Every structure is written in structure tokens, then in C-alpha cells.
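J.: Sharing a structure with you now.
The values are calculated or read from the model by the stated rules, or taken from the named source; none is laboratory data. Everything quoted here is computed from the prediction, not taken from an experiment. We place every Cβ from the backbone using ideal geometry, glycine too, and count neighbours over all the protein chains shown.
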Amino acid sequence: MSHLIHRNLRRTPPVAVRAQGITITDSAGRTYLDASGGAAVSSLGHGHPAVLAAMHAQIDRSAYAHTAFFTCEAAEELAARLAADAPGDLDHVYLVSGGSEAMETALKLARQYHLEAGQPQRSVFLARRQSYHGNTLGALAVGGNAWRRHPFAPLLIDVPHVAPCYEYRDRADGQSTDDYTAALLRELEDAIRAAGPDKLIAFVAETVVGATAGAVPPTPGYFRGVRKLCDQYGLLLILDEVMCGMGRSGTLYAFEQEGVLPDLVVLGKGLGAGYQPIGAVLARAPIVRRLRDGSGAFQHGHTYMGHPVAAAAALAVQKVIQKENLLGAVTVRGAALRRMLREAFGQHPHVGDIRGRGLLIGLELVQDRASKAPFDPALRLHALIKDEAMARGLMVYPMGGTIDGRQGDHILLAPPFIATEAE
Ligand code: PLP
């Protein structure tokens, strides 16, 4: 019996003992091809020598120094690099230990920003039904996955949720993409007015929806419209790029392809590429300036924020992405993988949609392609496919549960950027 509380309490997963390149080997000697990068985490694959060397060097110098007493070179350098590489004035960085912690940080930073402008009545976040922003209580509250929220619903702050941008299912027959997008933006504006614009803190969304619905990209112009509404009504725009950021979409940030600048960007996963637990919030200059000129402190903090070894690993990941020209590789290999998937499954009776950006690719499974009817959720088809794939030595990330009030099964592919076409 395992003393660990595993994700599934009735089943202990295989024991990973070695990981190299795009494969992981278990204690029984079986090797698995990591076609999902775990959950879109391992963007450089496993055992990258440059990242390991950076971590070793940092551990030898200083493994930890509490941020109430010290800063460290690795964190300073990582923040400077992220600021330099981010568009516009997204030039301040808060480092934490993962995606959920980063989302909590962004929510609190947004709230304090309004508070310090003398707007304490701004206390409500607006978000989308098809979304996952993390499992801590604040992040869970802004998230829209009903299945994840349900057991904890009485503990969650009240967050109005609007429709996601989910063209495959929600654009009506005969409706143009532009008309569909305009209708979504009207719904968002109605929700802003209904909540009371002067009560709202921010609108929160994943640029490309990841863990609830398998790599759903926005329609053209959707986020430009969102940005305009946020500006018009005084809300901040928080984009969650925990899954789709750090190069996975083919640009360092997925929002770069949408022609918008968010106020806060939430990062995790690919930031440390699995080598260390690390997340971050990127903030635009005026947000930090307001706090600096006001109370002088962001009322937040974690024991492991700005951790030297995590920062050193993330910095090395950034350097590898640039040195090995991996953003370009993601675009080329993502297009190749989507083409291969379309060849293999494009006519499959139970594959309704193949979509995504870069190397974040989702397959939506349906009982019937014409009606797009999902499978009976009791089947847990996504989980069966994951198990079957693992039995054949392939890691794919399964997603089921409620999507915008409906059930569906999705498979996510998010291979390491270094994977070759043959792999
Ligand atoms: N936001 C998004 C979009 C995610 O996909 C995830 C994790 O899957 C999170 C937030 C939460 O990140 P973490 O699991 O590191 O807490």
C-alpha cells in the first residue's frame, strides 16, 4: 500500500525512475513516449543538460535564502529576461511555485490595484464557463469547470461566468465567425453591465483554453473586443497562460497572436518546463507603480517565492528556447502534427474536431460527427483512452467532465518542443 495520497485513491500509478528526451521509463522497465509533456509542462523534454547544469550550479552556490531577507541573482535575471521578452510594458514579475499560486497572486494584485486607487467597491471578478485556473479556492472560483467546482461550491467567492469562445460547438449553422464573435462580446458587455462596471475587478480568461476543453483557440478579434470592453468599463484583463504560454503556442505568449496586451499574465507549467515547480505573474508597469506610490507593498507572499533553484531552472529554460530556436520549431512541428492527426483521424467517426495552436493540440471526441453529440459521461472514454495509450507506451492527457454545462471527452497532445517529426 502506498502512503501517498495519489490522484486516484484506488490505484497507484507506475513508478517513474528515469526520464530522458521525450520518454519516461518506469520501474518495470517500460518506456512511455511523452506526447503530452505531462500536462503541457515538459516543453524541453526530460534531462536537458543545460537546465540540469544551471540547477546544479545554483544549488552549489545557494539553494535557498528567504525573500524577506534577500533577493537572488537567478530570480533577478529571470525577471529581467521575462520583462525584456514580453511585449509592451509588461515588465514586472512576481515569482511563485506554480500555476494556481500565480492565479491567486494575480487576483489579489488586481484587487489591491483598485483598492489603492480609492475604489474598494471593486470586488467582483468576471470569468468564463469553459475555463480552468487552478485548484486553490480563489482560482477554483474564477474557473468554470462545474465538475471541479461542485464539491467546494459553498466555499467559493461568487464569480459571474460568461460563455466561452467555443466555435466548434457554439457557432450556429449559417452564422459567420464574425457574427458569432460579436454575439459573445455582446454577452460579455451585458454581463459587465449586469454586475455593475464599477464593482468589477477584472475579466479572467485563458488565451487558448487548455485543461477543460482541449486546446480551444479564440476566434479572430475576440480578445481585441474583450480588451476594448475592459478598457471601456475600467476592468483589468488577466490572461491565464499557464498552459498555453512560454512558447507552447508558437509565440512566447499566446496573446501575441491576438494583438492585445493584457494587464496581468499568469504563468506556470512551461516556465520551469517541469524541472522545478515555478509559476509567475507578469504585471504591466502602471499596476506596480500604483502600489509602489501608494502603500509601498503588495500584501502577499509565499515562503518559496523567488526560489533560487527554481528561478535558475526557468532562466535556463528561457535560454534554451532562444538558443535552439524552439519557437519556430513549435510552429513548424505543430502544423506537421496537426496535419498528421488530420490524415489519421480527420474522417474518424468519433473525432469531431482537431484544433489548437502550436504544440497544444486537442481532439474532441463525439458519438456522432454530424450532431456533435458527446459520449455518455459514465463511460469515461477519455480515461479509457489514456489507460489504453499508457498500456501501449504513449502518454496523452485526458479531459472529461462538464464543459460549459455539457459533457464531453477530449484528448490533449502537447509534446516537448524538441520532439522530431518522426517521434
Ligand atoms: N491555469 C491553467 C490554464 C492550467 O492549465 C493549470 C493547470 O493545469 C493551472 C492554472 C493551475 O496550475 P497548477 O496545477 O500549477 O497549480
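J.: Select from the range 82-125 the residues that are farther than 11 Å from Leu264 by Cβ and hydroxyl-bearing (Ser, Thr, Tyr) and list them in ascending order.
T.: Ser97, Ser100, Ser123
J.: Could you list, in sequence order, the residues of the range 128-169 that are within 24 Å of Lys269 (Cα to Cα), free of Cβ contacts under 8 Å to residues at least 40 places away in the same chain and more than 14 Å from the chain's Cα centre (by Cα)?
T.: Thr136, Leu137, Gly138, Ala141, Arg149 - these are the residues of the range 128-169 that are within 24 Å of Lys269 (Cα to Cα), free of Cβ contacts under 8 Å to residues at least 40 places away in the same chain and more than 14 Å from the chain's Cα centre (by Cα).
Each row is one residue, and each column tells you yes or no for (1) in a strand (DSSP E or B); (2) not assigned by TED's automatic domain parsing to the domain that holds Ile278.
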{"residue": "Ala312", "(1), (2)": "no, no"}
{"residue": "Ala329", "(1), (2)": "no, yes"}
{"residue": "Val332", "(1), (2)": "no, yes"}
{"residue": "Ala335", "(1), (2)": "no, yes"}
{"residue": "His348", "(1), (2)": "no, yes"}
{"residue": "Gly362", "(1), (2)": "yes, yes"}
{"residue": "Ala370", "(1), (2)": "no, yes"}
{"residue": "Ile385", "(1), (2)": "no, yes"}
{"residue": "Glu388", "(1), (2)": "no, yes"}
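J.: Does any residue of the range 64-78 turn out to be among the aromatic types (Phe, Trp, Tyr) and within 23 Å of Leu236 (Cβ to Cβ)?
T.: To start, the set of residues in the range 64-78 that are among the aromatic types (Phe, Trp, Tyr) comprises 64, 69-70.
If we keep only those that are within 23 Å of Leu236 (Cβ to Cβ) as well, we get none.
No, the range 64-78 contains no residue that is among the aromatic types (Phe, Trp, Tyr) and within 23 Å of Leu236 (Cβ to Cβ).
J.: Now for a different question. In the list Ala254, Ala280, which residue meets the criterion of being touching a Cys at 6+ places or on another chain (Cβ under 7 Å), within 16 Å of the ligand (Cβ to nearest atom) and modelled with pLDDT of 95 or more?
T.: Values: Ala280 fails: touching a Cys at 6+ places or on another chain (Cβ under 7 Å).
It is Ala254.
J.: Another one. How many of the residues in the range 129-155 are away from the ligand (no atom under 12 Å from the Cβ) and assigned to a helix (DSSP H, G or I)? Quick ask: steps written out before the conclusion?
T.: Pass one, the range 129-155, residues away from the ligand (no atom under 12 Å from the Cβ): 129, 137, 141, 146-147, 149-155.
If we keep only those that are assigned to a helix (DSSP H, G or I) too, we end up with 137, 141, 146-147, 149-155.
The qualifying residues number 11.
J.: Also, I was wondering about something else. Can we say Ser123 is closer than 22 Å to Gly214 by Cα and either out of contact with any helix residue (DSSP H, G or I) (no Cβ under 9 Å at 6 or more places or on another chain) or not charged (D, E, K, R) (or both)? First the steps, then the outcome.
T.: On the way: closer than 22 Å to Gly214 by Cα: no; either out of contact with any helix residue (DSSP H, G or I) (no Cβ under 9 Å at 6 or more places or on another chain) or not charged (D, E, K, R) (or both): yes.
Here the answer is no, as Ser123 does not meet what is asked.
J.: Report whether or not Val242 is out of contact with any Leu (no Cβ under 9 Å at 6 or more places or on another chain), within 29 Å of Pro398 (Cβ to Cβ) and within 16 Å of the ligand (Cβ to nearest atom). Step through it out loud before you land on a result.
T.: Numbers: out of contact with any Leu (no Cβ under 9 Å at 6 or more places or on another chain): no; within 29 Å of Pro398 (Cβ to Cβ): yes; within 16 Å of the ligand (Cβ to nearest atom): yes.
No, not satisfied.
J.: Are there any pairs, at least 6 apart or on different chains, whose C-beta atoms fall under 8 Å, with the first in the range 225-249 and without any contact (Cβ under 8 Å) to a residue 60 or more places away in the chain and outside any loop (DSSP other than H, G, I, E, B) and the second hydroxyl-bearing (Ser, Thr, Tyr) and away from the ligand (no atom under 16 Å from the Cβ), and if so, which?
T.: Taking only residues 6 or more apart or on different chains, the pairs are Gly225/Thr181.
J.: If we keep just the residues of the range 190-214 that are near the ligand (Cβ under 10 Å from one of its atoms) and not aliphatic (A, V, I, L, M), which is farthest from Ala106 (Cα to Cα)?
T.: By that ranking, first place goes to Thr212.
J.: Say whether the condition of being within 16 Å of the ligand (Cβ to nearest atom), at pLDDT 95 or above, surrounded by 14 or more Cβ atoms within 10 Å (Cβ to Cβ) and aromatic (Phe, Trp, Tyr) is met by at least one residue in the range 158-176.
T.: no
J.: Within the range 96-128, how many residues turn out to be closer than 27 Å to Tyr166 by Cα, surrounded by 20 or more Cβ atoms within 10 Å (Cβ to Cβ) and away from the ligand (no atom under 13 Å from the Cβ)?
T.: Qualifying residue count for the region: 3.
J.: Within the range 138-156, is there a residue that is of a type in the set (S, T, N, Q) and surrounded by fewer than 21 Cβ atoms within 10 Å (Cβ to Cβ)? Break it down into steps so the answer makes sense when it comes.
T.: Our first condition is that a residue be of a type in the set (S, T, N, Q); within the range 138-156, this holds for 145.
Pick out the ones that are also surrounded by fewer than 21 Cβ atoms within 10 Å (Cβ to Cβ) and you get none.
Within the range 138-156, none of the residues are of a type in the set (S, T, N, Q) and surrounded by fewer than 21 Cβ atoms within 10 Å (Cβ to Cβ).
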